[in-house]
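Since the structure comes first, as C-alpha cells, the remarks are kept for the end.
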Amino acid sequence: MIKKLIDQLLDKTVRPRLRRARLGKRQDVPATVHGIDPSLVDGRALDVVHTLKRAGYEAYIVGGAVRDLLLGLRPKDFDVATNATPEQVKALFRRAFIIGRRFRIVHVVFGRGREHEVVEVSTFRAYVDPSQAEPVVGDERSRRALAGVALAVDASGRVLRDNVWGPIEEDAARRDFTINAMYYDPETQTVVDFHQGIRDAQRRIIRMIGDPATRYREDPVRIIRAVRFEAKLARLGFKLDAKTRAPMAAHLPLLADVPPSRLFDEMLKLLQTGHALASIEALRANGLARGIYPLLDVVVERADEPFVRAALQDTDRRVAEGKPVAPSFLLACVLWQDVRSGWQRRLQAGLAAFVALAEAVDEAFEARIGDVSGRGKLGADMREIWMMQPRFDKRTGNGPFTLVEQPRFRAAFDFLRLRAQVGEVDEELAHWWETFSQAGEAVRRDMIEAVRLEQQRARSGKARRGRIEREPDACADLTAPAAAAEAPLSPAGEAPAKRRRRRRRKPRGDSGGEGPCTPDAGASHDDAS
C-alpha cells in the first residue's frame, strides 16, 4: 500500500518533470537559418512526403538525411517519418511492404532489379517510460511471449518491442542522438528541432538524447551506432560527447543479450559504409576492440595484417566510388588466413589440392562463422571465392573460358588481385587474368596458346637438364684408353681391365669428315669445303 502511494506521488511530481525535460522544446528553423539546399533532396523522398501530406498526414524527411543536408552533403538514404500508421502508409503506395516486428516500418520501393531504391517510412512513436512496461522472458524473437504486445522490455530494461504511436515531439525524444532527431519539411523548407540538433551539428558534437546509460540499457546496439557515427563523421571533425562516451565500455556486456543476426547487421554497417578503417580505430579508442561480436573481434584483431588491411581499404575505396560491395568478399578476406593455413597443412599431408581446400573451408566455417553459417547465400559466395583460387593456376585448355563465365568470377579475381598485391602470388598471374577477362575470343586463344608453348618449353628444358645430369658424356669413350693408361694400379697391383672401344660406322657417303665430337661437328658441308 505504501509503495503504491509512493509510486503515485512520483507519477504526479518527479516523472512529469522528467518527461517534459526529455521531450525538449520545439524550434521551427527557417531556410534562411539552416541553409539546406533543396536540390540535394532525392525526388523519390519528395514523392513520398507529398503523397502522405496530400492524404492529410504529417510527413517529414528525418534522421541522418537531415544531418547530411545541414552539412551540405547529398544523403545516400532518405527516411521519412509520419503520423500515419504502417497500414495507412501501405495503402497509399503501389509497392510498399510492412517489415519488422520490434519496430514496424514501411519500405516504399521505387524501380526494379538492382536499380531499385527504398524509402523507409516510420510512424511517430510515443515516449513511454520502459519501467511502465511488463518485463518479458526471452528476446525479440520470442513470438509467443510478444504476441499482441505493443511495448515490451526484458529483465535488464532492453526494449524488445516498441510499436506505440504518438506525436512528433515524443518521437523525437525516442531517437538516439540529437543530430539524428531533426525533421525537415521540403514543402515549407522548415527544420523542426527539439533537442538542439542544429547547434550540435554546428559544434560537431555527437550527443545522446537523455541519460546515455539509460539509453544504452534500452538498446545496447546504440553503443555500436555511437562508434559508427563517430567514424563516419570524423573526417568532418565530429567527436563523441564525453557523457555519451563514458558509459559505453561498461555497458558492453549487455550486447550478449542482443540476437546475433542483429549484431551481424550492425557489424556490416561498420565495415561496409565507407569508413571501415576509421570504425576499427574508433572501436580500439573506445575500449571496444573485443566483446561486440566474435567475427568483428577477428576483423579488429587482423586489421593491421597486409591482406586484411588491403581488403578494408579496397572496400572503403569502392564505397567512395559508388561501386557495390558484398559482405562475402570482405569476410572471405578476413578468414583467408584460417583457410590458407588449413589448406597448406592438408597439402603437406598428401591430400589433393581441391580436397584439401574444401576441408580447410569447412574447418574455417565451423570455427569462425557461427550463426552466419545459416545465411546460405553469404556462406556459398565465400566458399566459391575460396574454391576458385587454385583454378587461376590453370591457364590452358578450356578451363579459363569456363572460369570467366562463373557468376562469382569477378569477386574471386579481386580476391586474387589482393593476394598479388601483398606478394602471396605472382603479380603476372593477376595481370594475365585481368587481360584475359577483358579480351575477345581470338586474343584469349592466343594467350592460352602462348602459355601452353611456354609451359612446353619449360618442361623440355627441365627434361634436357635431367638427361645431362643422368647420362655420361658421349665423347668420354674416346679418351678411355688414355685414361686407363694413366690409371693407378689396383690394391692387388694389377692394372685395371681395358675398356673395349666401340668402332663407329661412318655415315653413308661420308668421305672421312670430322666426327660429331670434333670442334667442327656443327659446320655445314659448304663450310667444310
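For region 28-44, just list the computed ³J(HN,Hα) in residue order, Karplus coefficients 6.51, -1.76 and 1.60, θ = phi - 60°, integers in Hz, with x standing in for Gly and Pro.
9, 9, x, 4, 5, 9, 7, x, 5, 8, x, 5, 7, 7, 5, x, 6
Rg and Dmax of region 323-463 over Cα atoms: what are they, in angstrom?
Reported Rg and Dmax, both Å: 16.4, 52.
Could you tell me which of the pairs Lys323/Lys377; Lys90/Lys323; Lys25/Lys53; Lys25/Lys239; Lys25/Lys269 are separated by over 29 angstrom between their Cα atoms in the structure shown?
Details: Lys323/Lys377 20 Å; Lys90/Lys323 31 Å; Lys25/Lys53 24 Å; Lys25/Lys239 24 Å; Lys25/Lys269 32 Å.
Check vs 29 Å cut-off fails for Lys90/Lys323; Lys25/Lys269.
Considering only protein heavy atoms, with the full assembly of protein chains and a 1.4 angstrom probe, order Arg346, Arg383 by accessible area, largest first. Let's see the in-between values first.
On the way: Arg346 40, Arg383 85 Å².
Putting Arg346, Arg383 in descending order of accessible area: Arg383, Arg346.
Over the heavy atoms of Leu73, what accessible area does a 1.4 Å probe trace out, to the nearest 10 Å²?
50
Once phi is turned into ³J(HN,Hα) by the Karplus curve 6.51 cos²θ - 1.76 cosθ + 1.60 with θ = phi - 60°, what whole-Hz value does each residue of region 391-399 show in order, with x for glycine and proline?
After applying 6.51 cos²θ - 1.76 cosθ + 1.60, I find 6, 5, 6, 9, 10, 10, x, 8, x Hz.
Residues in region 391-409, backbone N under 20 Å from the label point at Arg452 (7 Å along the Cα-to-beta-carbon vector): list them, ranges by number please.
The answer is 391-405, whose backbone nitrogens lie closer than 20 Å to the label point.
Using only Cα positions of region 156-267, each an equal point scatterer, no hydration layer, compute I(q)/I(0) via Debye at q = 0.11, 0.13, 0.15, 0.24 Å⁻¹ and quote the log10 values to two decimals.
With one equal scatterer per Cα and no solvent, log10 I(q)/I(0) is -0.39, -0.54, -0.72, -1.41.
Largest first, what is the accessible-area ranking of Thr82, Thr190 with a 1.4 Å probe? If you can, show how the numbers build up before the last one.
On the way: Thr82 0, Thr190 30 Å².
From most accessible down to least: Thr190, Thr82.
For region 24-103, what percent of Cα pairs sit more than 21 Å apart?
On the way: 1125 of 3160 pairs.
I get 36 percent for the Cα pairs in region 24-103 exceeding 21 Å.
Quick one: how many Å² of Thr85 are accessible to a 1.4 Å probe, rounded to 10?
About 40 Å², ignoring ligands and nucleic acids.
Would you kindly derive the ³J(HN,Hα) couplings of region 220-234 from the backbone phi angles with the Karplus curve 6.51 cos²θ - 1.76 cosθ + 1.60 (θ = phi - 60°), listing them in order in whole Hz, with x for Gly and Pro?
Working through the residues one at a time gives x, 4, 4, 4, 5, 5, 4, 5, 5, 5, 4, 5, 5, 9, 4 Hz.
Between Ala55 and Arg203, what is the FRET efficiency for a Förster distance of 51 Å, r being their Cβ-Cβ separation, to the nearest 0.05?
According to the calculation, E is roughly 0.85.
Would you please put 351-359, 54-62 in order of how densely packed they are, using the mean number of other Cβ atoms within 10 angstrom per residue and starting with the highest?
Highest mean packing first, the order is 54-62, 351-359.
The values are calculated or read from the model by the stated rules, or taken from the named source; none is laboratory data. Keep in mind it's a predicted model, so treat the numbers as computed, not measured. Using ideal geometry, Cβ is built from the backbone for each residue, glycine included, and neighbour counts are taken over all protein chains shown. All accessible areas refer to the heavy atoms of the entire protein, side chains included, with ligands and DNA or RNA removed. Shrake-Rupley method; radii C 1.70, N 1.55, O 1.52, S 1.80 Å.
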